[in-house]
């Protein structure tokens, strides 16, 4: 039986990639898209699209309830400033008053509870996306070099430790020295900063935070990540297995192969074997 999946669509490529991939798996897609945020291309992919302003929670819930949706995913971000610039509806206003916080985690968990009260479960956005999750080992045609494993293991452990403090997801390492830890600037800026300091030959590691709730935030890389690495001479991109998405996977891996960048999936249990 075809499942009807709801998508709370934010900005960026991820809502489109999720919808395309889920449809290939046979799902029917009901999307709630946000004006000024969601790419209009969602109209060509989803089976039905309802456009809302940020904060129109009542309209969002009615859309899913009327379509018989029982499971939804959140795909793509929404600029928090819109919570202040757009006018919420009555349901959205009472929700914000009840949550009493504009912290991302508080808002997202509160939204999940609100939907759960309507019989709609928020599930991980990795649903249907196993084909673009990082698997174990070499993912492209370029292999890591002897000695890279130690930098990968160091970067993995540092990134996990930093994640416990909700700092970032990416670390840049070279020859046992941590050159950059991702902060508010994002992954690409972290790679540029670390790559410039290392003057090329750097290893980039991206992981999920230990406390990360994959319903709301899944680490992801795309072809743009490879472009930035190529600019600064990066030569390894290590990704946590089963918890990192490769957006536009084929394009990403082809670009990595052309740039002679190794893309490898690693996990806690495989770190020792990675230390070559």
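The values are calculated or read from the model by the stated rules, or taken from the named source; none is laboratory data. These numbers come from a predicted model, not from an experiment. FYI the Cβ positions are ideal-geometry reconstructions off the backbone, even for glycines, and counts take in every protein chain you see.
Couple of notes before you dig in:
- Residues that are farther than 23 Å from residue 142 by Cα and modelled with pLDDT of 95 or more, drawn from region 191-213: 193, 197
- Sole residue being in contact with a helix residue (DSSP H, G or I) (Cβ under 6 Å, 6 or more places away or on another chain), within 14 Å of residue 140 (Cβ to Cβ) and free of Cβ contacts under 8 Å to residues at least 60 places away in the same chain, chosen from 180, 238, 230, 259: 259
- Cβ-Cβ contacts under 9 Å between residues 6 or more apart (or on different chains), taken from a first residue in region 191-202 that is touching a residue at least 40 places away in the same chain (Cβ under 8 Å) to a second residue that is assigned to a helix (DSSP H, G or I) and surrounded by fewer than 24 Cβ atoms within 10 Å (Cβ to Cβ), are listed as 191/228; 191/231; 191/232; 192/228; 192/231; 192/232.
Residues checked against (1) touching a strand residue (DSSP E or B) at 6+ places or on another chain (Cβ under 7 Å); (2) under 30 Å from residue 111 (Cα atoms); (3) surrounded by fewer than 22 Cβ atoms within 10 Å (Cβ to Cβ):
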| site | (1), (2), (3) |
| --- | --- |
| 182 | yes, yes, no |
| 187 | yes, yes, yes |
| 193 | yes, no, yes |
| 199 | no, no, yes |
| 213 | no, yes, yes |
| 217 | no, yes, yes |
| 232 | no, no, yes |
| 253 | yes, no, yes |
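- Looking only at region 152-168, and only at residues there that are at pLDDT below 90 and closer than 20 Å to residue 269 by Cα, the one that is farthest from the chain's Cα centre (by Cα): 164
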